Every structure is written in C-alpha cells, then in structure tokens.
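J.: Have a look at this one.
The values are calculated or read from the model by the stated rules, or taken from the named source; none is laboratory data. Since the model is a prediction, treat every value here as computed from it, not as a measurement. As a convention, Cβ positions derive from the backbone with ideal geometry for all residues, glycine included, and neighbour counts pool all protein chains shown. Accessible surface is based on the protein model in full, side chains and every heavy atom, while ligands, DNA and RNA are left aside. Shrake-Rupley method; radii C 1.70, N 1.55, O 1.52, S 1.80 Å.
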Number of protein chains: 2
Amino acid sequence: MKSHDLTTHITLAHGNGGRLTGELVEDLFVPVLANPLLDTRNDGARVSVSGADIVLTTDGFTVQPLEFPGGDIGSLAVHGTVNDLAVMGATPLYLTLSVLIEEGQDVEQLRRVIASLGRAAAAAGVSVVTGDTKVVRRGEGGGLYLSVTGVGVRDKAFDLGLAHIRPGDAVLVSGPVGDHGVAVLLAREEFGLRGDVVSDSASVLPLTAALAAIPGVRFMRDPTRGGLATVAHEISHGSGHGIHLRQEVIPVREPVQAVCEILGYDPLYLASEGRVVAIVQGEHAAAAVAAWHALPQGEAAAIIGTVTHGPARVVLETSLGGERLLEELEDDPLPRIC
Amino acid sequence: MKSHDLTTHITLAHGNGGRLTGELVEDLFVPVLANPLLDTRNDGARVSVSGADIVLTTDGFTVQPLEFPGGDIGSLAVHGTVNDLAVMGATPLYLTLSVLIEEGQDVEQLRRVIASLGRAAAAAGVSVVTGDTKVVRRGEGGGLYLSVTGVGVRDKAFDLGLAHIRPGDAVLVSGPVGDHGVAVLLAREEFGLRGDVVSDSASVLPLTAALAAIPGVRFMRDPTRGGLATVAHEISHGSGHGIHLRQEVIPVREPVQAVCEILGYDPLYLASEGRVVAIVQGEHAAAAVAAWHALPQGEAAAIIGTVTHGPARVVLETSLGGERLLEELEDDPLPRIC
C-alpha cells in the first residue's frame, strides 16, 4: 500500500528515475498514449519516415546549479540527448531546443550556457535546427529549464535490444561512475564540502563508435539519473535475466567514494553523464574493453559483472565477498541532478 | 538604448513573442547555434534524413491555469505542435513529450491533462513515441510544463515560403481571432469577469488540407502568442513588403471584443490556437476562402487585407476609415498564455 501522499500528489521521488518514475509512466502515460511505437524501455523510439529509419529521443534538463565543475545545463543537454541516441546505435544529426526561462534570470549566465550548448553541439556534429523560448513568472521556474529532442539515423553496424541479452553475457562500463552526481552535489554547497570532483558530462559517441566493429554487442545504455544500479534493473527487468555485479571491479574515483561515504550516498545510484554500460556476448567482452581502453574516455573501462539465469534481479558481490540484492531506487531523490 | 533591466535580466516581455523575444533569439541563440538549417523565421525546420524530407518543430507549453474552457495544457500542446507542422505544409506523424512536473502537483489533474493529450494526438493522427518526465521542487515550477517536438513529412502539394509573397497577394484568416487568449484570461479569474468565451484550441489540419488543392497559396502561419498582429509583422519583415489590414473585416467574436474593451487589450495581439493566417495570390483568394467556408472550423474565414509594395510595415485601416501603424508587440505581456 502506497502512502496517501504518493498516490494523490507528485513527489520528488516520482522524478528520480527509479521505481516511482516507472510507475508514474506506466500508470499515467502508457494507457492513454499506447501505440505500437511507444517504447518505454528505451530512452528513445525507432520510427520510419518516408522509408528512412529514424531514432527520436527527448529529455528535460533541470540541473541545479546551472553551471557546475565540468559542465553546465547547456552542454549537459546536448550530451544527454546525443548519448541517448548513441546508445541506441544511432548517429545523431539534429537537435530541437525548447527553452523555459524564469523572469529575473541573469542574461549573461544564459548567454554562457547557450554558448556552451552551441559548442557541445558542434563538437558532437549535430545541428540545432529549431527552437522555442518561453518566459515564466518569478517563482514559477528554476531559472532555466531546457528540453531537447534528438533526431538520428540508425547505424546498421548495431543490432541492439534487451531481447538479445543472454545469460553468460558480460556487463561492461566505460569508466568511473557517479562523477556527475557528486560534482553537482558539491556545486550546491549545501553540505559545506569542497572537492575536486568534475562532472563526466561528455558525448559518448567515441565510445559507442568503438563498439561498432565488435561482434556480440547486445545492448548499450548511459547510466544517468538513478545511476548504474538503475540501468542494471532496467536491463534485468527488460531481459528477464539476473544481473550479477562485482563491487570490487566497478570503477569509482576515490574522491567520489569519499564524498559518498561522508554524505551516505551509494555511488552506484548516482548519475554519470559521459559513460556507457554495455552488454556484450562473453567471448567478445575482452575485445570490447580493449577498444574502450584505446580511448582517453575509456581508460578505466572494465567488465563489472555478468548476466545470469533468472530470477530477474540485481545481485552485488561486495568487496568483502558477500552478496546482497541491489534494490531499485526508492526515495532519497536527488532532484535536478540532470 | 534599452533599459538596464532588459539587458541584464530576463523579463516577461522576452517571452511574449514580440520584439524582445526576437531580439533575445537573435542575440543569444543565433550567433552560437548558427547553421544553414536553423531557420528562425519559421516555427520549424526542414531537414533531410536518409533522403527523407522531414519537418521538425518544438514548443514549450506553460499555460496557466492548466485547464481552461475549451481545452487544457495537454490538448493545447498537441494542437500547438501539430499546427506548426500543418502551416509549414507538412503532415504530422510523431510527437515526443518532455514533462516537467512541480512537486505537489495533483495527480488526478495530471491524469486528466495527459488523457486529453492522448485524445488530441489520436484525433490528429499522430503518435507520441517517446518521452521524459522530470520533477522539480515545490516553488521551482508552475505545476506542469510540457515541451513537445513534432516530426512530419512535407506535403508536395505546398510550396510555401516568405520569399514567394508578392504585393497584391491577399491576407486570409480562417476564423475569429483572440478566443484562446481571452478564454485563458477569464479562467484565471484575476479580473472577476465571467464569460462564455471558449478557447479555439484545435488541430488546423482540416484547414491546411483544404488549401492543398488551391493554387497560389504562398505562406501559412498560426497566430498564437502575439496574435494576428505579430504574424502580420513576421510576414512583413520576412517578405520585405507592407501588410494592409482592414479592421472592419477581421473576425472577432462579440464577447472577445467586449472583454478586450473592459480590460484594455487589443484582440489583434491575443493568441488563437486553432486559426490559420494564409497569404494567397489575389486571384485565388476567393477560392481559398470558399474552401474554408465549407468546413465547420472555417465558417467565419475572411479576406482581411492585402500585401502592399513596401515599406515593410503593418498598417491597419480602422473601422472609422482612418489608418494607423500596427506596432510590434512590446510590453503588456500575457505570460503563460500557451
């Protein structure tokens, strides 16, 4: 039985990317929007237009503060959108940009983040082709929100899907997890902590392109809101198989780990914005990791676990050798992390 | 010289669709996003993907209240997006949906507007194929904001463009203007007025489809934020020609006119959400109006003016027989009207 508040009013936990977000989508959106193309298990959809095989994705960006070590809402919005297309095996081509500005927003800061957005788009090889700007009254916004839609074409080198995943497949991650989440937390200065953690916000296109030549790549996903643990759950639920992760080999930067220990966060639930989780057929996993190691962004890539015969759950083998269930993200939300 | 406040901080007038919105876009967005496909003179862009001729549009919806006579933010978001594609001569196919919800939002109301969105999409023949939901803290949002992107294909029957417009062309409108603006104003109950005005929020696809068979259709636009006057300015600036409008023949419903007189608004600057302004070669204007008259939505369609030899300005011939310049929308913003 859910609490009264959760069923009658929206809570922050409805936006954390975990169980309640999923329930909200399944309850409110799926029944009325139901159509064969609506795919709530991917961060995008494959559609056909005049015979062209197109991939669409859309995301809202609400990160607070608007500027943080390693990035800002502008570059983050480009990376988040480009990355959703990249992990679906698509080449991003075009972006559309919906801008919601709160009355009183500093124009110079707006100029900086839009310029940053433009640089990130150029670096990723995508063009912003159309946009819209709305202003809401003081107190009715959070300074600046961006909604970005990405249009890409499918790369024929990839044949990805949760249904392709088999027990024995390897779980890979392209680099340390949780950097973005901790960088934003520290930038808020709510905790009186200072740190050297920089967001990993970046286009993952080089990482996904590196896997195009590797056989046996079954599925890719970027572990953003809800972190690695949430992606592991999505893969487990979507494929019907278990996921076994080994804590010891999951790359986490030392300062990220330290901040998490002080504040009581688990880095496995914190957002990364420039990483890829991939499921690769066991015999090709080493080649995939080697392809990533050859890239600056993939130096810390690792095989961090395996797909197991059911039940569909996520088990973490701890550094101490024990095992525990990695639960779905419940409360403890970090609003406006991306 | 602009005032200090306007240049350093965003004001509501930056979002009214008038002069300051245009300056904001030209100043902040165009220089850093500049690319051959970015077209700030249309509410969308034409792009090519794998040889397919695609039209993209995106819009943010922030209307307050979320439900109003004749519609709600959900159906409005579908109509606004579908209509942007329709007036570009495109057939809408797919929508993407970015949802920003404020903590505390009533779930039942959210359920109603999303259901309404689903019905409007089905009625317009478009599928919502992917989406994203974010929750922001209480006090950091206005209940609910939607950003919708539309994907369509160009209809070869149309060859539209501001550059095709010639002096002597007729200016047409498909129905009474300002209904949406007044309906939303009254729904806010700020003015203690009650009225029978219902928003005209609707898909204009039947209206644009009716013009596909008419020769000499040069340009279409839906007069939303900033109203008919703002569209007239966009057409004048974009084509380099003058626009001469005759107040006497511009259809305005009596209760809309009455509310405007009480509150001091000009209905020519108020939003419609189910109307089309079209520029049609003079000799074909009567056929175009006749095609609209045959539709329930087009019963009040009228030829309301002509395109004149420069200068590029908008002149209103008043009901009293005088002439005055119809200025660009400056301040007096109506925030969150769409």
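J.: Only one of B:L24, B:L28 is of a type in the set (A, V, I, L, M, F, W, C), touching a Leu at 6+ places or on another chain (Cβ under 8 Å) and not in a loop (DSSP other than H, G, I, E, B); which?
T.: B:L28
J.: Here is a list of conditions, (1) open to solvent by 50 Å² or more (accessible area, probe 1.4 Å); (2) under 18 Å from A:G175 (Cα atoms); (3) not in a helix (DSSP H, G or I), and A:I304 meets all of them except one; can you say which number that is?
T.: Tallying (1) open to solvent by 50 Å² or more (accessible area, probe 1.4 Å); (2) under 18 Å from A:G175 (Cα atoms); (3) not in a helix (DSSP H, G or I), A:I304 fails exactly one: (1).
J.: What number of residues in the stretch B:63-98 are more than 13 Å from the chain's Cα centre (by Cα) and not β-branched (V, I, T)?
T.: Selection size over the stretch B:63-98: 19.
J.: For the stretch A:17-56, which positions are among the charged types (D, E, K, R), in contact with a helix residue (DSSP H, G or I) (Cβ under 7 Å, 6 or more places away or on another chain) and buried (at least 17 other Cβ atoms within 10 Å of the Cβ)?
T.: A:D43
J.: Quick check: anything in the stretch A:100-116 closer than 26 Å to A:L211 by Cα and open to solvent by 20 Å² or more (accessible area, probe 1.4 Å)?
T.: Among the residues of the stretch A:100-116, not one is closer than 26 Å to A:L211 by Cα and open to solvent by 20 Å² or more (accessible area, probe 1.4 Å), which makes the answer no.
J.: Looking for whichever is under 20 Å from A:G125 (Cα atoms) and of a type in the set (V, I, T) here; the options are B:V63, B:V32, B:V78, B:V25. Which one fits?
T.: One residue alone meets the criteria, B:V32.
J.: Which pairs turn up if I take residues in the stretch B:305-323 that are over 17 Å from B:T230 (Cα atoms) and touching a residue at least 40 places away in the same chain (Cβ under 8 Å) and look for partners that are open to solvent by 60 Å² or more (accessible area, probe 1.4 Å) and part of a strand (DSSP E or B) with beta carbon separation below 9 Å, at least 6 apart in sequence or on another chain?
T.: B:T318/B:R246; B:T318/B:R324; B:S319/B:R246
J.: Going by the structure shown, is A:H284 assigned to a helix (DSSP H, G or I) and touching a residue at least 24 places away in the same chain (Cβ under 8 Å)?
T.: yes
J.: Assess whether A:E234 counts as being open to solvent by 40 Å² or more (accessible area, probe 1.4 Å) and either within 19 Å of the chain's Cα centre (by Cα) or not assigned by TED's automatic domain parsing to the domain that holds A:L320 (or both).
T.: yes
Each row is one residue, and each column tells you yes or no for (1) at pLDDT below 95; (2) under 28 Å from A:V197 (Cβ atoms); (3) of a type outside the set (G, A, S).
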| position | (1), (2), (3) |
| --- | --- |
| A:V249 | no, yes, yes |
| A:L263 | yes, yes, yes |
| A:L268 | no, yes, yes |
| A:V280 | no, no, yes |
| A:A286 | no, no, no |
| A:V289 | no, yes, yes |
| A:R313 | no, no, yes |
| A:E330 | yes, yes, yes |
| A:I337 | yes, yes, yes |
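J.: Continuing with the same structure: Looking at (1) out of contact with any Asp or Glu (no Cβ under 9 Å at 6 or more places or on another chain); (2) over 25 Å from B:A13 (Cα atoms); (3) modelled with pLDDT of 95 or more, find the lone condition where B:A213 falls short.
T.: Tallying (1) out of contact with any Asp or Glu (no Cβ under 9 Å at 6 or more places or on another chain); (2) over 25 Å from B:A13 (Cα atoms); (3) modelled with pLDDT of 95 or more, B:A213 fails exactly one: (3).
J.: Looking at (1) surrounded by fewer than 23 Cβ atoms within 10 Å (Cβ to Cβ); (2) in a loop (DSSP other than H, G, I, E, B); (3) in contact (Cβ under 8 Å) with a residue 12 or more places away in the chain, find the lone condition where A:A271 falls short.
T.: (1)
J.: Then there is this: Quick one: how many residues across the stretch B:31-60 are part of a helix (DSSP H, G or I) and in the same structural domain as B:H79 (by TED's automatic domain parsing)?
T.: 0
J.: Which of the numbered conditions does B:D331 fail, given that it passes all the others? Conditions: (1) surrounded by 15 or more Cβ atoms within 10 Å (Cβ to Cβ); (2) closer than 30 Å to B:Y145 by Cβ.
T.: Going through (1) surrounded by 15 or more Cβ atoms within 10 Å (Cβ to Cβ); (2) closer than 30 Å to B:Y145 by Cβ one by one, B:D331 breaks only (1).
J.: Working only within the stretch B:39-52, note down all residues that are more than 7 Å from chain A (Cβ to nearest Cβ) and touching a residue at least 40 places away in the same chain (Cβ under 8 Å).
T.: Across the stretch B:39-52, the qualifying residues are B:R41, B:N42, B:D43, B:R46.
J.: Of all the residues that make up the stretch A:121-142, how many are crowded, with 22+ Cβ neighbours inside 10 Å and of a type outside the set (V, I, T)?
T.: Summing the residues that are crowded, with 22+ Cβ neighbours inside 10 Å and of a type outside the set (V, I, T) in the stretch A:121-142 gives 7.
J.: Using the structure shown, decide if A:D59 is among the acidic types (D, E), open to solvent by less than 10 Å² (accessible area, probe 1.4 Å) and in contact (Cβ under 8 Å) with a residue 40 or more places away in the chain.
T.: no
J.: Farther than 24 Å from A:L117 by Cβ, more than 7 Å from chain A (Cβ to nearest Cβ), part of a loop (DSSP other than H, G, I, E, B) and modelled with pLDDT of 95 or more: which single residue out of B:V63, B:V82 fits that description?
T.: Of the residues listed, the single one that is farther than 24 Å from A:L117 by Cβ, more than 7 Å from chain A (Cβ to nearest Cβ), part of a loop (DSSP other than H, G, I, E, B) and modelled with pLDDT of 95 or more is B:V63.
J.: Could you give me the residue pairs with C-beta distances under 6 Å whose first residue belongs to the stretch A:238-255 and is in the same structural domain as A:H180 (by TED's automatic domain parsing) and open to solvent by less than 40 Å² (accessible area, probe 1.4 Å), whose second residue is of a type in the set (K, R) and modelled with pLDDT under 95 wherever it lies, and which are 6+ apart or on separate chains?
T.: Listed pairs, sorted by first residue: A:G238/A:R41.
J.: Quick check on the stretch A:3-15: of everything there that is within 8 Å of chain B (Cβ to nearest Cβ) and not aliphatic (A, V, I, L, M), which residue is nearest to A:T224 (Cα to Cα)?
T.: Within the stretch A:3-15, the match that is nearest to A:T224 (Cα to Cα) is A:G15.
J.: Turning to a different aspect of this structure: For A:V153, are the conditions met, namely being open to solvent by less than 10 Å² (accessible area, probe 1.4 Å), among the aliphatic types (A, V, I, L, M) and either under 20 Å from A:L207 (Cβ atoms) or not assigned by TED's automatic domain parsing to the domain that holds A:Q281 (or both)?
T.: For A:V153, the condition - open to solvent by less than 10 Å² (accessible area, probe 1.4 Å), among the aliphatic types (A, V, I, L, M) and either under 20 Å from A:L207 (Cβ atoms) or not assigned by TED's automatic domain parsing to the domain that holds A:Q281 (or both) - is not met.
J.: Got a sec? Which strands (runs of 3 or more DSSP E) wholly within the stretch B:86-181 have at least 2 residues that are without any contact (Cβ under 8 Å) to a residue 60 or more places away in the chain and facing another protein chain (nearest Cβ under 8 Å)?
T.: It comes to B:90-102, B:127-136.
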